1. May I ask you to say which residue of D58, D121 is more than 17 Å from L27 (Cβ to Cβ) and either touching a Pro at 6+ places or on another chain (Cβ under 8 Å) or of a type in the set (D, E, K, R) (or both)?
2. List the number of the failed condition for Q70; all other conditions in (1) touching a Ser or Thr at 6+ places or on another chain (Cβ under 9 Å); (2) modelled with pLDDT of 90 or more hold.
3. Residues in region 86-142 that are closer than 24 Å to A14 by Cβ, of a type in the set (G, A, S) and surrounded by fewer than 17 Cβ atoms within 10 Å (Cβ to Cβ): how many?
4. Restricting to region 35-68, and then to whatever is in contact with a strand residue (DSSP E or B) (Cβ under 6 Å, 6 or more places away or on another chain) and charged (D, E, K, R), can you tell me which residue is farthest from L110 (Cα to Cα)?
5. Which residue pairs have Cβ atoms under 7 Å apart, sit 6 or more places apart or on different chains, and have a first residue in region 44-65 that is under 18 Å from Q13 (Cα atoms) and in contact (Cβ under 8 Å) with a residue 60 or more places away in the chain and a second that is buried (at least 19 other Cβ atoms within 10 Å of the Cβ) and not β-branched (V, I, T)?
6. Under 6 Å by Cβ, and 6 or more places apart or on different chains, what pairs join a residue from region 94-107 that is closer than 23 Å to F81 by Cβ with one that is of a type in the set (S, T, Y)?
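The values are calculated or read from the model by the stated rules, or taken from the named source; none is laboratory data. Everything numeric here is computed off the predicted structure, so don't read it as measured data. All Cβ positions, even for glycine, are placed from backbone atoms using ideal geometry, and neighbour counts span all protein chains on display.
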Amino acid sequence: MMSIYQFSVMDSQANPVSLSQYQGKVLLIVNTATGCGFTPQYEQLEQLYQTFHQQGFDILDFPCNQFGNQAPESNAEIQSFCQLNYHTSFTTFAKIDVNGPHASPLFEYLKKAKGGLLIKDIKWNFTKFLINQQGEVVKRYAPTTTPLAIKKEIQQLLANKKIT
């Protein structure tokens, strides 16, 4: 059975990272942008990270410039922006495409596992995917869903309970 652990991605310094290193953790995978109306969600993402990281939770942040040119900066500039403005301490990976011919294989897998409301493609920045400890995609959230609205479901997964 497929899981996210079969994928490798690039960190912000262009080094390969195997997602197998996250086995056994609950994950929230998010495509983000620094100039988006949803960018303030970084604050709530960091709150979730601080609240649950010690319990086996992690956030994987993937900047994406495919929606309105809202993340034009370099990987280093994006990481600096997030740390300076939102005090993020979770991992920000290299900028990726989430749709189209150059879409990240990870995001192709995520979209196939949990399609959107009308289409599979990611519609905008800050689409979120909740992953269980087995690397399976449990749920997809629209950009308008705030990170703190996902808190209860993260707690349920950390307690090894099913999400409905």
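1. Numbers: D58 fails: more than 17 Å from L27 (Cβ to Cβ).
After applying the criteria, what remains is D121.
2. (2)
3. 2
4. Restricting to residues being in contact with a strand residue (DSSP E or B) (Cβ under 6 Å, 6 or more places away or on another chain) and charged (D, E, K, R), the top hit is D58.
5. Filtered contacts from region 44-65: C64/N31; C64/A33; C64/A71; C64/K95; C64/N125.
6. A94/S12; I96/S104
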